[in-house]
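Data first, discussion second: the structure below is written as structure tokens.
The values are calculated or read from the model by the stated rules, or taken from the named source; none is laboratory data. Not measured: the values here are computed from a predicted model. A quick note on method: Cβ atoms are made from the backbone with ideal geometry, for glycine too, and the neighbour counts reach across all protein chains shown. These area figures cover heavy atoms from the full protein model, side chains too; ligands, DNA and RNA do not enter into them. Shrake-Rupley method; radii C 1.70, N 1.55, O 1.52, S 1.80 Å.
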Amino acid sequence: SEIGIKNHLIKRINMREQLVYNLEIIPLEIVVRNVAAGSLTKRLGIKEGKLLNRPLVEFYLKNDLLNDPLVSEEHIVTFGWASNDEIEEILSLSLRINDFLLGFFLSKKIRLIDLKLEFGKFWDGEESILMLGDEISPDNCRLWDLNTNKKLDKDRFREDLEEIDTAYKEVAHRLGVISEEQFKKTLKNEI
Ligand code: UDP
């Protein structure tokens, strides 16, 4: 909101609940990548960790039965998942969000490797407003420690690495979501 990105969040109710606008979700996952990782490395044989010389945007169709396949802008327009104008707006919003978050995470000594975003339409009568309708968390971003490249996201779980809980709380702590005291308690509990 601070950088003028319209989004579905109205207010936070408690640690688990939020009041949000009811959006007509566009059936696409928009992935923005700054560093090669995950499916990009597997699909194209690019080495994990390769710094990309510009942010790479990819579209995936939201369809679990088909395992969310990669699709092109041509597919999106042909099958009516979004219009050309909507794609253009989604691209520019996604790049702005990525730009902002790169700097934001860097200030917390975290590298934003990639992230996934979803958008939707909020209908106000005949008019619709395009809004971001997603979370930003270690579940839909790849976050690596700036100094050590330690993974601080869901890849810890997928790659069977230890300290999943600590890694998530490390991010929460650096972002000021949990206090130093709460974070230290976690460390003690894990030991
Ligand atoms: N991602 C996500 N939900 C999905 C697929 C991907 O949040 O259903 C995120 C993932 O966490 C990563 C980025 O999108 O930050 C790129 O994911 P990738 O295409 O590399 O797929 P992965 O191998 O992570 O499934």
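Key figures
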{"item": "All aspartates and glutamates inside 18 Å of LYS188 as judged from Cα atoms, apart from same-chain residues fewer than 8 positions distant", "result": "GLU162, GLU163, ASP165, GLU170, GLU180"}
{"item": "Cα-based convex hull volume of the chain per residue, rounded to whole Å³", "result": "153 Å³"}
{"item": "Within the stretch 12-59, trypsin sites (Lys or Arg not before Pro) in DSSP loop having at most 11 other beta-carbon neighbours inside 10 Å", "result": "ARG16, LYS47"}
{"item": "The stretch 70-117: proportion of alpha-carbon pairs further apart than 17 angstrom, %", "result": "47 percent"}
{"item": "Lys/Arg +1, Asp/Glu -1 at C-beta; the stretch 59-191 dipole; positive extreme among LEU175, PHE59, THR186", "result": "THR186"}
{"item": "Average accessible area per residue (Å²) across the chain - probe 1.4 Å, nucleic acids and ligands excluded", "result": "63 Å²"}
{"item": "MRE, 222 nm, helices only [DSSP H, n ≥ 4, -39500 (n - 2.57), over the chain, to nearest 500]", "result": "-9500 deg cm²/dmol"}
{"item": "Apportionment of accessible area to carbon and sulfur, the stretch 105-170, percent (1.4 Å)", "result": "47 percent"}
{"item": "Scattering curve values for the stretch 7-63, log₁₀ I(q)/I(0), Debye with Cα scatterers, q = 0.13, 0.18 Å⁻¹", "result": "-0.56, -0.77"}
{"item": "Estimated dipole of the chain in Debye, rounded to 20 [Cβ of Lys and Arg +1, of Asp and Glu -1, Cα centre]", "result": "1000 debye"}
{"item": "DSSP loop GluC sites (Glu not before Pro) with at most 10 other Cβ within 10 Å excluded, longest remaining stretch of the chain", "result": "18-125"}
{"item": "Convex hull projection area averaged over all views, the stretch 1-106, Cα basis, nm²", "result": "8.9 nm²"}
{"item": "Karplus-derived 3J(HN,Hα), 6.51/-1.76/1.60, for each residue of the stretch 111-120, Hz, glycine and proline x", "result": "8, 8, 7, 7, 7, 10, 10, 10, 10, x"}
